[in-house]
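The values are calculated or read from the model by the stated rules, or taken from the named source; none is laboratory data. Remember, predicted model here, so these are calculated numbers, not experimental data. Note that each Cβ is placed from the backbone with ideal geometry, even for glycine, and that neighbours are counted across all protein chains shown. In case anyone asks, the SASA skips ligands and DNA or RNA and just uses the protein heavy atoms, side chains included. Shrake-Rupley method; radii C 1.70, N 1.55, O 1.52, S 1.80 Å.
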Amino acid sequence: MTLVTRQFERVANVVTERISELLGAQVVVLDDQGVVVAQSAGYANATRELGLVDFPFELNSRTRDLRTIRPNFRLPIRFDGRIGEIIITESEDGEAISPRLTRKLVEMIVNQTAAFTQLPNQQELKNKFIHDLLQGAIASEADILRQGQILGMDLTKARAVILIDASDYILRSGNTESRIWQQAQFIINNIVSFFHLPNDTICAYIGDGEVAVLKASSTPDLVAWANSEDKASQSNLSWANLVALKRASRSLLVRLRSDADASISIGIGRHHPGIQGLAKSYQDARAALSLGRRLQGPNQVYCLDKLGIAAFVGISDESTKIELAKHLLSPLDQEPDLLETLDVFFL
């Protein structure tokens, strides 16, 4: 469903409640296909009392059985290219409703509500910005910093990307677009709550049931999941704190799966320096998630350094392949005899 469709639903929901409140009547809004997209509380209660399914449903196949609902007015509703119809019943106290006054009242509320909902939604702007940033679609670091600041995001900190596939929960069969956004927000709220650092955990729903987390990944930001042996195990600064980040992600996975009661998988990208490095971190996380699910199955945390040779197949960036190889072979630096044997073997 498009942004215009979501905005049409927002306008319809506000209009139904306002008209119902002002006129003391039951109100329902249909789209151009005759499907209910919004209904006042009284209308919803009537459908439940008669044992009918919740909206959306087709007016001609469902509401004809609503004998308690007697349409008094049927008025067109238009917003940003979408056309629908608003149906208003008699007032609950039987008071006469002026058709002319009702029409003017509906037009006024629609126009006021439409003007408000056309203002860009902060979360949607944030989602689009992070999506474009991770895709490498924003070339200028100055533009990235400026847009991030406007949206309340500090992108000057060292960050790594955690990519969460919650499609089994967010895109459940039968979910409407508004429900999808609610489910995505539920996942995001859980992530922010888990890390206890709302200013340092930047989350966005990037579509297809996936949430991207730009997690602050310096040592102080991961101290809750670190131990004294982690630093010694790292041979390259770009892999620093990755062990702690994996621990954090595994704990996050347990919580999300429990709260959502659904299959969820997580891919982790290592920290790459610079703001543009976020796109590289996302590519790492994307490759790890895609390969990990295929090789190891769902409901796990995946990282390139734990996928072995398969990781080199899923990576297109040559510098990342070289750095990964160095990282995986670094333990051999402590085994000079084994290195000598390998040198002889491969000569």
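Laid out as a table, the results:
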quantity	calculated
Pairs where the first residue, in the range 151-174, is in contact (Cβ under 8 Å) with a residue 24 or more places away in the chain and at negative phi and the second is assigned to a helix (DSSP H, G or I) and of a type in the set (Gly, Ala, Ser), C-beta under 6 Å, 6+ apart	Leu155/Gly148; Ala160/Ser281; Val161/Ser281; Val161/Ala285; Ile162/Ser249; Leu163/Ala285; Tyr169/Ala260; Ile170/Ala184
Selection from the range 297-315 of residues that are modelled with pLDDT under 90, open to solvent by 60 Å² or more (accessible area, probe 1.4 Å) and more than 18 Å from Ala248 (Cβ to Cβ)	Ile309, Val313
Search result, residues across the range 132-175 that are closer than 24 Å to Gly292 by Cα and either open to solvent by 60 Å² or more (accessible area, probe 1.4 Å) or not aliphatic (A, V, I, L, M) (or both)	Gln135, Gly136, Arg159, Asp165, Ser167, Asp168, Tyr169, Leu171, Arg172
Condition met for Asp284 (acidic (Asp, Glu), surrounded by 19 or more Cβ atoms within 10 Å (Cβ to Cβ) and in a helix (DSSP H, G or I))	yes
Residue within the range 5-14 that is outside any strand (DSSP E or B) and at pLDDT below 65 present	yes
Hey, Ile180 farther than 21 Å from Ala285 by Cβ, at pLDDT 90 or above and surrounded by 17 or more Cβ atoms within 10 Å (Cβ to Cβ) or not	yes
Qualifying positions in the range 244-271 - of a type in the set (A, V, I, L, M, F, W, C), farther than 15 Å from Phe186 by Cα and not in a helix (DSSP H, G or I)	Ile266, Ile268
Complete set of residues in the range 193-217 that are open to solvent by 40 Å² or more (accessible area, probe 1.4 Å) and over 19 Å from Asp168 (Cβ atoms)	Ser193, His196, Leu197, Pro198, Asn199
Failed item in (1) farther than 30 Å from Gln185 by Cβ; (2) surrounded by 12 or more Cβ atoms within 10 Å (Cβ to Cβ); (3) at pLDDT 65 or above, with Gly94 passing the rest	(2)
Tally, over the range 110-138, of residues that are outside any helix (DSSP H, G or I) and modelled with pLDDT under 80	4
